[in-house]
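Worksheet for the structure shown next.
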Amino acid sequence: MNNASRVGLATGAGVAGAVLIARSRMESRGQPSPDPIYDLTRTLTRCDVIPDILAAIERSFTSATGFPCAIFIPEGDRLSARHHSPRFDPDDNDIVNAGLSMKSGRPVAQLTGTPDLYSHFIPLTTSRDTLGSFGFRARGTRRRIPRRMWALAESFANQTSLALLRVTLEGKARHAGILAEAHRLQKALLNSIAHNVRTPLASIIGVLSTLQQEEISLSHPIRQDLIDTARQEAERLNRLLGNLLDLSRLEAGVLRIRKDPCDVQDLIGAALEQLGSAVGHRRVEVKIAPDVPFVPMDFVLIVQVLVNLLDNALKYSPVGPSITVEARVLSGVLEISVSDSGNGIAEDDLPHVFERFNRGGRGGATGGIGLGLSICRGLIDAHHGTIRAERRYPCGTVFAFTLPIQLER
Amino acid sequence: MRVLVVDDEHGIRKFLRTSLASQGYELLEAATGQEALESVPVNRPDIVVLDLGLPDLDGIDVTRTLREWTDIPIVILSVRDQESDKVGALDAGADDYLTKPFGVAELLARIRSALRRANKPANTAVFEAGDLNIDLAKRIVQVSRQKVQLTPTEYDLLKALVRHPDRVLTHRHLIREVWGGTCYEDEMHLLRVNISNLRRKLESDPTRPRYVVTEAGVGYRLRTE
């Protein structure tokens, strides 16, 4: 048995000297490292996930000290070595002792199976809690390890705690950010729904209460006009609900796209038919280029896109001038556009009109543009197509979407 | 004419009672699927207006059970707007499908045409709607008294539609009737091409068809009103 294995007895300066010599030899052989901690902190700033951080720490520590190390971090209620040097493969004893160091908040040493070789564990503590344990293997107990080496090991443990704390805090901040964003979207959705439901309901209730007032005598055309308005608003409310359902299906990923070749003329006809009384006496001009082929699409969903775009155009443009629906083939894709001569959308708002719950500055009494357009984008994306909004000169807006003509494999 | 309205919503029954009575229909009511199944053989209504979401049975099962012994016209009223629900109900034997909310005028039109189909002698040789005239015996199709040349497939397709005017025929139904096939993918394409051609020959504005109407995701309907 070797003298050095007797704990507390080995205080000879000779051993410490030997370690220092070993280290300085290593330094002269390898990369000179006047301040390994400085190097480490610089490396750590570039790491933002735990495995990278632990690997960097292990590398710098073994190259600075020549000692193998292992870093223990609890996962759930189990403690394990999340990263270790090849020469330090932690066994159950090591895990128990790493746990002991965490519980006591103090360093723990344990003789290994190899004579005079000890596993040392330094708890990874922060001001608030203990994140794990930093372990390394060295000859001799703590007292026989030179002060400078021990201090270095403690500094590594400190840096490990700081780096882990930083990542955890960043993760929490990100999570809080995501929650805040989800909360904001949810609030926006509720506001949008409330707005979009109340607006048509206001006209419906308004009309019904007007008709209820026996003392008001209304001429037949005015009466009819009021009833038409209420009916159209009720139908708009129903379309809104359809959009909401589609949105939730899109987001839940349960919307199945079933593509087969469809007649574009049939598509436009079905959309106009579905809008029914909303089109009313409005002029809708349909132009279909003669070379438009049958195009693979999910007919029902693309009808929905067209209904939303047309509904939008009807809502935001004056009654007089016509709305144009145009279909043509442009460099291998089908393009369908809906143009109106309304007030148009501000140039700055154009890229954002497909974002959810954005009313593109059009807002106001007619409301609800955001939901329909964001669904259009979701549906067109699912078809691998594109959708865009442009200003139309001299006035109005063009909404155009494209669909690939070839079935992609 | 006696209409059996099957719906568990009191409000809907009340509003149908008012609007159907004003058109001279006699109203029978049932609030559950079981009541409906018991009422049909006893009260012998002329038509059933059936909600799909009943508290005890699904409307599609009620339709199937009724179809085991009777051809009574069945018009579905439902809040379910998914195409698969419509196709399911029509394939189970329903005559028509209307999504809630609906307008009374629309419902009355569907009831009328369902009754007309049920009471019409099976083989009328000549079909007329608007400026469309089809002589099934002589295989002559005319639009505004102008003879229209159809290919044999186009004619068969038109004939299938004419045999059930105003009724939504599912894609599957039409494919079976015209091509006799079951290879859905290929024949779906043929169906669309032939519908497109028919419209070009029959409709004055094929983009806003007056006769051959698309029921998106479900099928086609020959509109006569």
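The values are calculated or read from the model by the stated rules, or taken from the named source; none is laboratory data. Please read all numbers here as calculations on a predicted model, not as lab measurements. Cβ atoms come from the backbone with ideal geometry, glycine included; neighbour counts cover every protein chain shown. In case anyone asks, the SASA skips ligands and DNA or RNA and just uses the protein heavy atoms, side chains included. Shrake-Rupley method; radii C 1.70, N 1.55, O 1.52, S 1.80 Å.
A:L310 fulfils the conditions (1) under 22 Å from A:G378 (Cα atoms); (2) touching a residue at least 60 places away in the same chain (Cβ under 8 Å); (3) outside any strand (DSSP E or B) except for a single criterion, (2). Screening region B:90-108 for residues that are more than 11 Å from the chain's Cα centre (by Cα) and either aromatic (F, W, Y) or crowded, with 16+ Cβ neighbours inside 10 Å (or both) and picking the one that is farthest from the other protein chains (Cβ to nearest Cβ) gives B:A92. Set side by side, the residues A:S248, A:S219 differ, and just one is free of Cβ contacts under 8 Å to residues at least 24 places away in the same chain and under 38 Å from the mean Cα position of the chain (by Cα), which is A:S248. For region A:44-87, name all the residues that are part of a helix (DSSP H, G or I) and closer than 23 Å to A:R147 by Cα. Hits for region A:44-87 are A:I57, A:E58, A:R59, A:S60, A:F61, A:T62, A:S63, A:A64, A:T65. Taken as a whole, region A:269-286 holds no residue that is touching a His at 6+ places or on another chain (Cβ under 8 Å) and β-branched (V, I, T). Taking A:S133, is it in a strand (DSSP E or B) and either touching a strand residue (DSSP E or B) at 6+ places or on another chain (Cβ under 6 Å) or assigned by TED's automatic domain parsing to the domain that holds A:H83 (or both)? Yes: the conditions hold for A:S133.
Do you know which residues across region A:258-275 are facing another protein chain (nearest Cβ under 7 Å) and within 14 Å of B:R199 (Cβ to Cβ)? Within region A:258-275, A:C262, A:D263, A:Q265, A:D266, A:I268, A:G269, A:A270, A:L272, A:E273 qualify. Criterion applied to A:R256, A:R198 was being part of a helix (DSSP H, G or I) and within 42 Å of the chain's Cα centre (by Cα), and the one residue passing it is A:R198. The residues of region A:101-125 that are within 39 Å of the chain's Cα centre (by Cα), open to solvent by 30 Å² or more (accessible area, probe 1.4 Å) and among the β-branched types (V, I, T) amount to a single one, A:T125. I'm told A:I178 meets every condition in (1) outside the structural domain of A:D89 (by TED's automatic domain parsing); (2) in contact with a Leu (Cβ under 9 Å, 6 or more places away or on another chain) except one. Can you identify the failing condition by its number? Tallying (1) outside the structural domain of A:D89 (by TED's automatic domain parsing); (2) in contact with a Leu (Cβ under 9 Å, 6 or more places away or on another chain), A:I178 fails exactly one: (2).
If the condition is being in contact (Cβ under 8 Å) with a residue 40 or more places away in the chain and surrounded by fewer than 17 Cβ atoms within 10 Å (Cβ to Cβ), then region B:16-52 contributes B:S19, B:Q23, B:N43, B:R44.
Please verify whether A:D91 is free of Cβ contacts under 8 Å to residues at least 12 places away in the same chain and surrounded by 15 or more Cβ atoms within 10 Å (Cβ to Cβ), treating the condition exactly as stated.
no
Got at least one residue in region B:204-211 being within 14 Å of chain A (Cβ to nearest Cβ), in contact with a strand residue (DSSP E or B) (Cβ under 7 Å, 6 or more places away or on another chain) and surrounded by 16 or more Cβ atoms within 10 Å (Cβ to Cβ)? Within region B:204-211, one or more residues are within 14 Å of chain A (Cβ to nearest Cβ), in contact with a strand residue (DSSP E or B) (Cβ under 7 Å, 6 or more places away or on another chain) and surrounded by 16 or more Cβ atoms within 10 Å (Cβ to Cβ).
Considering region B:53-63 alone, what residues qualify as being part of a helix (DSSP H, G or I) and open to solvent by 40 Å² or more (accessible area, probe 1.4 Å)?
Within region B:53-63, just B:D61 meets the criteria.
Being open to solvent by 50 Å² or more (accessible area, probe 1.4 Å) and modelled with pLDDT under 90 is the filter here, so list the residues in region A:140-160 that pass it.
Within region A:140-160, A:R142, A:R143, A:R147, A:R148 qualify.
Within region A:237-253, being over 28 Å from B:R208 (Cα atoms) and either assigned to a loop (DSSP other than H, G, I, E, B) or within 11 Å of chain B (Cβ to nearest Cβ) (or both) holds for A:R249, A:G253.
Could you list all residues from region B:177-203 that are more than 9 Å from chain A (Cβ to nearest Cβ) and small (G, A, S)? Residues satisfying the conditions are B:G180, B:G181. Confirm whether A:G364 is within 17 Å of A:D311 (Cβ to Cβ), at pLDDT below 80 and crowded, with 21+ Cβ neighbours inside 10 Å. In short, no.
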